[in-house]
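Data first, discussion second: the structure below is written as structure tokens.
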Amino acid sequence: MRVLVTGGAGFIGSHFAKRLQRAGEEVVVLDKLTYSGNPANLEGTGIELVVGDICDPQAVERAAKGCEAIVNFAAETHVDRSILGATDFGRTEFVGTQTLLELVRKIDVRYVQVSTDEVYGDLEAGGSSRENDPLAPSSPYSVAKAAADLHIPAYVRTFGVQACITRGSNTYGPNQYPEKLIPLFSTNALDGQPLPLYGDGKQIRDWLYVEDHCAGVEAVLRRGRAGEIYNIGGGHEVENIEIAERIIELTGADPKLLQHVDDRPGHDRRYSLSSEKAKEELGWGPVVSFAGGIEQTVAWYQANRAWWESIKSGEHYRAYYERQYAERLAGAE
Ligand code: NAD
Ligand code: DAU
């Protein structure tokens, strides 16, 4: 099978592209190479990388030539950046997904939309989200993802396309851009820099190792039923503060580096996914424990300084870091 992986130079998409290649499939990546897209993530694989935008119908059509399936990872992905300004999120998520589906209806290929547990919103009151729960996104990022998701049932119903949605939980592992909690705190700890924990740090996320996430998306690509949504959850609910403390332990950093800073506006307290449907229908379940996954991940950042130092020393990263954290850290407890 020849598969187009959009956003395949990013964190999860590059692991997915390499996973499909290992399984013997032919993979082509279409990626705009925004700040988080990194050709180094595909280095040495021989995977074809086409630089282009999923909002551009011609670029998409060219890249999809000869493909039997499209898996869409391309998105603006960081909640904090969506709070600073959401225009790119709306465009890439909504227009980009629509552009891909316009092609899918024309050339009749399988399609998987990679979505997120954040579309279900805050579960502070308890329970776990299931696929038919209402959408209740709280951040500009999750609104853009939820809006993109709405295209899929409409194209399935109207045009009979073979499309599914996956909704994954918080994913971590090697090659994650160091703006997200685990890579940011790991690299800051290794550099002796503060770990800026938002609010009381008791927010809960459902952590999923990147290879488990990719295995879930692959199962949906191969065996998912058209029009269906599949939750892909890690099943490891952990408070942010526990993660920060574990990273300090694993890196041997000074515990004083952990600093409570002003909270993220609108911050969801808890996410939790029920992945029963993926287990029952597709035989998928996560296999990596959180204890093992975090150890492996921190070890990867320890061993791959060149990968993240080249990002963190760049002007784009430094400007973002200053804007997001300078004031917060100045007022830290
Ligand atoms: P990432 O930011 O590392 O990768 C996103 C990739 O998309 C980058 O390579 C970027 O260059 C590319 N891209 C952005 N806009 C594009 C455009 N207009 N056209 C083409 N390419 C474009 O993010 P990630 O963490 O790998 O997330 C991948 C997907 O998985 C996203 O759809 C995200 O919403 C979803 N997801 C992520 C998580 C998580 O915890 N990281 C969890 C659930 C779902
Ligand atoms: O739940 C899936 C989602 O997980 C994906 O859809 C998103 O693309 C991905 O970015 C992620 O969103 P989160 O907002 O949950 O991830 P992030 O790593 O930004 O934050 C995780 C938690 O850590 C969250 O409660 C906020 C907190 N945090 C984060 C950062 C960056 C801090 O306390 N300090 C920080 O500096």
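The values are calculated or read from the model by the stated rules, or taken from the named source; none is laboratory data. Just so it is clear, the model here is predicted, and its values are computed rather than measured. Don't worry about glycine lacking a Cβ; one is built from the backbone with ideal geometry, like all the others, and counts go over all protein chains shown. Please note that ligands, DNA and RNA were not included when accessible areas were found on the heavy atoms of the full protein model with its side chains. Shrake-Rupley method; radii C 1.70, N 1.55, O 1.52, S 1.80 Å.
For segment 1-89, the spread of Cα coordinates along the three principal axes comes to 41, 26, 16 Å, biggest extent given first.
Overall, the accessible surface of the chain at a probe of 1.4 angstrom is composed of carbon and sulfur to the extent of 48 percent. Ordered from highest to lowest accessible area with the whole protein assembly present and a 1.4 Å probe, His15, His236 read as His236, His15. The sum of -39500 (n - 2.57) across all DSSP H runs of n ≥ 4, divided by the residue count of the chain, sets its helix-only mean residue ellipticity at 222 nm to -13000 deg cm²/dmol.
Accessible area per residue for the chain is 41 Å², calculated with a 1.4 Å probe on protein heavy atoms, without ligands, DNA or RNA. Per the Cα gyration tensor, segment 157-293 maps to an equivalent ellipsoid with semi-axes of 33, 16, 13 Å, ordered largest to smallest. Computed with every protein chain present, the accessible area of Leu181 is close to 40 Å² [probe 1.4 Å]. A straight chain from Ala319 to Glu245 at 0.36 nm per residue would run longer than the Cα-Cα distance by 23.9 nm. To the nearest ten degrees, helix 290-303 and the longest principal axis of the Cα atoms of the chain are 80 degrees apart. Within segment 126-150, which residues have the backbone N less than 19 Å from the label spot 7 Å out from Arg105 along Cα→beta-carbon, could you tell me? Output list for this probe position: 147-150.
Summing Lys and Arg as +1 and Asp and Glu as -1 over all other residues whose Cβ lies under 10 Å from the Cβ of Tyr141 gives a net charge of -2.
Ellipsoid semi-axes for segment 17-151, based on the Cα gyration tensor and the rule √(5λ), read 27, 17, 16 Å when sorted largest first.
The distance between label points at Leu150 and Arg2 comes to 3.5 nm (points 7 Å beyond Cα on the Cα→Cβ vector).
In a simple Cβ point-charge model (Lys, Arg +1; Asp, Glu -1; nothing else charged), segment 234-333 has a dipole of about 260 debye relative to its Cα centre.
Counting only Cα atoms, segment 101-218 measures 54, 33, 23 Å along its principal axes, largest extent leading. Extent of segment 204-249 along its three principal axes (Cα atoms, max minus min coordinate, largest first): 43, 17, 10 Å.
Farthest toward the positive end of the dipole of the chain, out of Leu123, Ile204, Pro140, is the Cα of Pro140, where the dipole comes from beta carbon charges about the Cα centre. Counting heavy atoms of the protein chains alone, Tyr271 has an accessible area of about 10 Å² for a 1.4 Å probe. Sorting 134-144, 117-127, 26-36, 203-213 by their mean Cβ neighbour count within 10 Å, with the most densely packed peptide first, gives 203-213, 26-36, 134-144, 117-127.
Residues in segment 84-101 near a label at Leu135, defined as backbone nitrogen under 13 Å from the 7 Å Cα→Cβ point? The answer is 90, 93-95, 97-98. Compute the acute angle (0 to 90°) between the alpha-carbon long axis of helix 140-159 and the principal axis of greatest extent of the alpha-carbon atoms of the chain; round to the nearest 10°. So the inclination is approximately 10 degrees. From largest to smallest, the equivalent ellipsoid semi-axes obtained for segment 245-325 from the alpha-carbon gyration tensor read 30, 20, 16 Å. Take each peptide in 58-66, 302-310, count the other Cβ atoms within 10 Å of every residue, and average; sorted highest first, the result is 58-66, 302-310.
Against the chain, whose longest principal axis is taken from its Cα atoms, helix 315-330 shows a tilt of about 50°. With N as its number of residues, the chain has a Cα radius of gyration that, divided by 2.2 N^0.38 Å, comes to 0.95. Each of Arg157 and Leu329 was given a label point 7 Å from its Cα along the Cα-to-Cβ line. The distance between the two points is 4.9 nm.
Glu93 contributes an accessible area of around 0 Å² to the protein surface, as traced by a 1.4 Å probe with all chains present.
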